[in-house]
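The values are calculated or read from the model by the stated rules, or taken from the named source; none is laboratory data. Keep in mind it's a predicted model, so treat the numbers as computed, not measured. Glycine gets a Cβ as well: all are built from the backbone with ideal geometry, and neighbour counts include every protein chain shown.
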Amino acid sequence: MLASKGIKLHPIISISQLLRVLQAAERIDAQTAQSVHKFIRDNNTFRYNFTEFSPQWGSLFAIQEQKINIHPLASKLLKIIEEKQSNLCVSADVTNSEELLQLAESLGLKICMLKTHVDILEDYTSAFIQNMQALAEKHNFLIFEDRKFADIGNTVKRQYEGETISHFLFISSWSHIVKAHAVPGPGVVKGLSAVGKPLGRGCLLIAQMNSQGVTVCTPEGEACQTAPQTTLKSAFCHDSFLTHGGDLLGQQYTTPEEVVYNKGSDVIIVGRGI
Ligand SMILES: O=C(O)c1cc(=O)[nH]c(=O)n1[C@@H]1O[C@H](COP(=O)(O)O)[C@@H](O)[C@H]1O
């Protein structure tokens, strides 16, 4: 009705955010917030074009449907998503290896991938890696080390095969997938490929980060095209984050609806929200 009068509405805050703010300011109690949430859920008249969740909306599923060859690891990921009916990747940004293993044990059955930042672990050891690999095997998920490589080919190659912080990380020896910024150009993929391809590893190229004030945006298609055909290609181009809002350090979240329905993401990454 408003649109017919030339008035365009733009949301500035979601009801969930509003409830969080009111509750934090002690203007409403938890019970009221919960009952409003329930009311909205039960009376939601907005419907997407899709009637129920289906991972087939993702770009990888579409590529697979067209019978185009995809990276074996991407294929494995799709299989896991289908088998487990889960496209959830948990980002376990903890600093203690025991805590990380516990997370992997308790969430393992429900996720398709576990994303790690081993460079923030205070007690990284090779025994920890072996335990993590055993859990990935047991619960059928992929390990995705979020080492965002962003340098010339020769440097990332060395970082990927070795790299020491307090211990040698040897990321290529245990992580099924790693991440790289597309910004340095094809060299970064070539460098990673030299190490990862013989091991059957995959690489996700970041086209654009979600953080506030982000300055670089590589068009997604372009980012993927710069990956040479002969090297390991990006396993998927989209990833995103659950819930609205953010944090005080520039993080910005979006909703599963937005990332799966509107952007066609294959996988949703969720960290602290879990
Ligand atoms: O590459 C990422 O995973 C990533 C890209 C991006 O644009 N923004 C982003 O937050 N991330 C990662 O996603 C995770 C988000 O964690 P939470 O903010 O706790 O959900 C962190 O591990 C970030 O490193």
> Which pairs have Cβ atoms under 9 Å, sit 6 or more apart or on different chains, and link a residue in segment 81-110 that is at positive phi and of a type outside the set (A, V, I, L, M) to one that is surrounded by 14 or more Cβ atoms within 10 Å (Cβ to Cβ) and in a helix (DSSP H, G or I)?
Replying inline: Gln85/Pro55
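Yes/no per residue for (1) more than 20 Å from Ile81 (Cβ to Cβ); (2) in contact with a strand residue (DSSP E or B) (Cβ under 7 Å, 6 or more places away or on another chain):
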position: Asp93; (1), (2): yes, no
position: Glu99; (1), (2): yes, no
position: Leu107; (1), (2): no, yes
position: Thr116; (1), (2): no, yes
position: Leu121; (1), (2): yes, no
position: Phe128; (1), (2): yes, no
position: Ala150; (1), (2): yes, yes
position: Val156; (1), (2): yes, yes
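Check whether at least one residue in segment 209-220 is under 23 Å from Leu101 (Cα atoms), out of contact with any strand residue (DSSP E or B) (no Cβ under 8 Å at 6 or more places or on another chain), in a loop (DSSP other than H, G, I, E, B) and modelled with pLDDT under 75, and report yes or no. It would help to see each step written out before you state the result.
Step one: of segment 209-220, the residues under 23 Å from Leu101 (Cα atoms) are none.
No: segment 209-220 contains no residue that is under 23 Å from Leu101 (Cα atoms), out of contact with any strand residue (DSSP E or B) (no Cβ under 8 Å at 6 or more places or on another chain), in a loop (DSSP other than H, G, I, E, B) and modelled with pLDDT under 75.
Are any residues in segment 190-204 assigned to a helix (DSSP H, G or I) and within 16 Å of the ligand (Cβ to nearest atom), and if so, which ones? First the steps, then the outcome.
Residues of segment 190-204 assigned to a helix (DSSP H, G or I): 190-199.
Result: Leu192, single match.
For segment 64-177, which fully contained strands (runs of 3 or more DSSP E) count at least 3 residues that are under 21 Å from Gly196 (Cβ atoms) and modelled with pLDDT of 90 or more? Don't jump to the end; show me each part of the working.
On the way: elements: 88-91, 113-116, 142-149.
Because the criterion is at least 3 residues that are under 21 Å from Gly196 (Cβ atoms) and modelled with pLDDT of 90 or more, the strands (runs of 3 or more DSSP E) in segment 64-177 that meet it are 113-116, 142-149.
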>> Could you tell me how many of the residues in segment 109-136 are surrounded by fewer than 18 Cβ atoms within 10 Å (Cβ to Cβ), touching a helix residue (DSSP H, G or I) at 6+ places or on another chain (Cβ under 7 Å) and either of a type in the set (Asp, Glu) or under 14 Å from Val270 (Cα atoms) (or both)?
In response: 1
